[in-house]
């Protein structure tokens, strides 16, 4: 993955969490507790989001509707992944080849692995 001098992995690791948090808040009107982004290799990025559950999801969970919450979360994740892909491609000027996402309702965490392709 090629970077311009102003866009090194270190500078991106500080800018990306804010971009990801803003995207999530804009889409779902919910502020994450934290977002972290770390390059594992020049073409691989790990993202961890904490406290992703929206108020509606929390209400469903507290009402014992875990299956419905799972269904709802799948739909929200699909929307978020599509928009995250666009945000990363624009910000890093690299095509996203794979975006793998896993969420855990129990811990409130989303883990994402992004693999970038060649120009």
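The values are calculated or read from the model by the stated rules, or taken from the named source; none is laboratory data. What you see is a predicted model; the values in this text were computed from it and never measured. We place every Cβ from the backbone using ideal geometry, glycine too, and count neighbours over all the protein chains shown.
Taken together, the residues in the range 27-36 that are within 14 Å of residue 111 (Cα to Cα) and either buried (at least 18 other Cβ atoms within 10 Å of the Cβ) or at pLDDT below 95 (or both) amount to 2.
Of the residues making up the range 87-100, those that are in contact with a strand residue (DSSP E or B) (Cβ under 9 Å, 6 or more places away or on another chain) and either crowded, with 16+ Cβ neighbours inside 10 Å or closer than 20 Å to residue 28 by Cβ (or both) are 88, 92, 94, 96, 99. Quick check, is residue 65 over 18 Å from residue 13 (Cα atoms) and either touching a helix residue (DSSP H, G or I) at 6+ places or on another chain (Cβ under 6 Å) or surrounded by 14 or more Cβ atoms within 10 Å (Cβ to Cβ) (or both)? Yes: the conditions hold for residue 65. Any residue at all in the range 37-49 that's touching a helix residue (DSSP H, G or I) at 6+ places or on another chain (Cβ under 6 Å), touching a residue at least 12 places away in the same chain (Cβ under 8 Å), assigned to a loop (DSSP other than H, G, I, E, B) and surrounded by 14 or more Cβ atoms within 10 Å (Cβ to Cβ)? No, the range 37-49 contains no residue that is touching a helix residue (DSSP H, G or I) at 6+ places or on another chain (Cβ under 6 Å), touching a residue at least 12 places away in the same chain (Cβ under 8 Å), assigned to a loop (DSSP other than H, G, I, E, B) and surrounded by 14 or more Cβ atoms within 10 Å (Cβ to Cβ). Yes or no: residue 80 assigned to a helix (DSSP H, G or I), surrounded by 13 or more Cβ atoms within 10 Å (Cβ to Cβ) and in contact with a strand residue (DSSP E or B) (Cβ under 9 Å, 6 or more places away or on another chain)? Yes: the conditions hold for residue 80.
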